[in-house]
Amino acid sequence: MDPYNPGSRAIQERVGVTGIADHIGRSISDGIRPVAAAFLELQPMLVLAAADADGRLWSTLLTGTPGFARATGPHTISVAAPPPAPGPTPVGTIALDPRTRRRMRLNGVARPSPRGFTVEAEQVFSNCPKYLQKRELYAPDPATPPGDPLHGTALTPAQERFVRAADTFFIATTAPDGVDASHRGGNPGFVRVDAPTELSWRDYPGNAMFLTLGNLASDDRAGLLFVDWRTGTTLQLSGTAHTDYGPDDVRVNRFHVRRTVEIPSGSPLRWSEPEYSPANPPLPQDPA
């Protein structure tokens, strides 16, 4: 079976990377290899992509003692966290380790379980360390509980500064064949705040899969997650996105904010200052 949906295939053909995508696509399977299971069990965080009851997409940071997310079979993981829905629902997940610049993606169907929820895998694969900032994990801060969620429909001035300072974010997208969670990284300032409800960022050269852009070609819903690695504060944005194609293979993604949720100290994890990826491109004067 083709591991790519028609949206991804169309972009691969447009950019001229079909052969590379075919080669990389052979690494996508529905099985969790022992090395992937061992990696997952060491992680203190997992990013979950899922739609809410109103159909809005969100990226959510889940945390726990290593082992809170673990493989329970060759095709299933168990996560000790609240389920994303009361019944079966498509989800995407990404386990990212800033300490080693490794990441693993697993997409499938989530179901509530006595422990929290399970995910029956449909796609499992890892990505290269490109654009991943290296960080060391400090001791968790259980003494600072999460603050009350702050809801809105546009970014506040403080949230705009939060986004402009980010070197990493996560993005949830969806298509008829499922939900995906992915990562984007760059030097601070790689995400532009064009207005309180408008963000944009350059689409850097990646693994030639074009899963995110392919999903957006068929369904413009998207959810972004920004993390303050020092304080644990999380900023979730739900809205819509599209890709503008310019000359010289320049692609710019534009995101329209519809809902915001900021949770002060939303994560108990505290991380060091980053060692930026050597793959991060220098920022042009005007990325758009």
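The values are calculated or read from the model by the stated rules, or taken from the named source; none is laboratory data. All figures in this text were calculated on a predicted structure; none of them were measured in a lab. Please note: Cβ atoms are built from the backbone with ideal geometry, for glycine as well, and neighbour counts cover all protein chains shown. To get the accessible areas, we keep the full protein, side chains included, count just its heavy atoms, and leave off ligands, DNA and RNA. Shrake-Rupley method; radii C 1.70, N 1.55, O 1.52, S 1.80 Å.
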Per-q log10 I(q)/I(0), the range 108-189, q = 0.22 Å⁻¹ (Debye; single scatterer per alpha-carbon; no solvent) = -1.22
Send over a whole-number figure in Å² for the accessible area per residue of the chain, probe 1.4 Å.
-> 44 Å²
What do the square roots of 5 times the Cα gyration tensor eigenvalues come to for the chain, in whole Å, largest first, as semi-axes of the equivalent ellipsoid?
-> 25, 24, 19
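Given the range 162-288, what whole percent of its Cα pairs are spread farther than 27 Å? Let's see the in-between values first.
Values: 1320 of 8001 pairs.
Beyond 27 Å sits 16 percent of the P(r) for the range 162-288.
Mind pulling the per residue volume of the convex hull built on the Cα atoms of the range 229-277? Å³ is fine. Each step should come with its number before you reach the end.
Numbers: hull volume 4.5 nm³, N = 49.
It is 91 Å³ per residue.
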Most mobile of T144, T76, T118 per a Gaussian network model of the chain (Cα springs, under 10 Å)?
-> T144
What net charge is computed for the residues neighbouring A80, neighbours being all others with C-beta under 11 Å from the C-beta of A80, Lys and Arg scored +1, Asp and Glu -1?
-> +2
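In whole percent, how big is the carbon plus sulfur part of the accessible area of the range 156-250, probe 1.4 Å, protein atoms only? Write out the running numbers ahead of the final one.
Values: 1670 of 3290 Å².
Reported share for carbon and sulfur atoms: 51 percent.
Given the -39500 (n - 2.57) contribution per DSSP H run of 4+ residues, what per-residue ellipticity at 222 nm results for the chain, rounded to the nearest 500 deg cm²/dmol?
Details: 5 runs with 42 residues, N = 288.
Estimated from H runs of four or more residues: -4000 deg cm²/dmol.
Quantify how much of the Cα-Cα distance distribution of the range 7-163 extends past 18 Å, in percent. Provide the component values of the computation, followed by the final result.
Values: 8144 of 12246 pairs.
Taking all Cα-Cα pairs of the range 7-163, the fraction more than 18 Å apart is 67 percent.
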Would you mind checking the range 132-147 for residues with the amide N under 14 Å from a putative spin-label position 7 Å along Cα→C-beta of R99?
-> 134-140
